[in-house]
Amino acid sequence: MNVELVAFGAIALAAGAGLLYTARHLYPRLDLSEDALASIRLLTALIIGVLLLGGAGLVLVGILA
C-alpha cells in the first residue's frame, strides 16, 4: 500500500467533488448566453471527470501497490 498515492487520490477526489458542488451553485447566477453557458458546463464537466477518475485511479493503484 502506497500512502502517498492514496493521499493524492483522496485530494483529487475531494477537489473534484468540491468543484462539482461549487459549479452547481454558481451556474444559475451566471449571466451568460446559452452557448457560453453550455461551453462552460462542458469544460467544467471535463475537468471534474478528470479529477474524479484520476483520483479514483490513484487510490486504486495506491491500495494495490
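What is the chain's relative contact order, in percent, from Cα pairs under 8 angstrom and six or more apart in sequence?
So the answer I get is 72 percent.
Quick one: the Cα spread of the chain along its three principal axes, in angstroms, biggest first?
Principal extents (Cα only, largest first): 48, 16, 10 Å.
Given a Förster radius of 22 Å and the C-beta distance between Ser39 and Val61 as r, what FRET efficiency does 1/(1 + (r/R0)^6) yield to the nearest 0.05? Could the numbers behind the result be given before it?
Details: r = 33 Å, r/R0 = 1.49.
It comes to 0.10.
Using a 1.4 Å probe on the protein heavy atoms, what percent of the accessible area of the chain belongs to carbon and sulfur?
The nonpolar share, carbon plus sulfur, comes to 73 percent.
Per 0.36 nm of contour for each residue apart, how much would the distance between Val50 and Arg24 grow if the chain were fully extended, relative to their Cα-Cα spacing? All intermediate terms of the calculation are to be shown ahead of the outcome.
Working: separation 26, 0.36 × 26 = 9.36 nm, distance 1.73 nm.
Full-extension gain reported as 7.6 nm.
Rounded to the nearest 10 degrees, what's the angle between the helix 34-64 long axis and the longest principal axis of the chain, both from Cα atoms, 0 to 90?
Approximately 10 degrees, to the nearest ten.
The values are calculated or read from the model by the stated rules, or taken from the named source; none is laboratory data. Everything numeric here is computed off the predicted structure, so don't read it as measured data. Here Cβ is always computed from backbone atoms with ideal geometry, including for glycine, and neighbour counts include all displayed protein chains. The accessibility values were calculated without ligands, DNA or RNA, using every heavy atom of the protein model including side chains. Shrake-Rupley method; radii C 1.70, N 1.55, O 1.52, S 1.80 Å.
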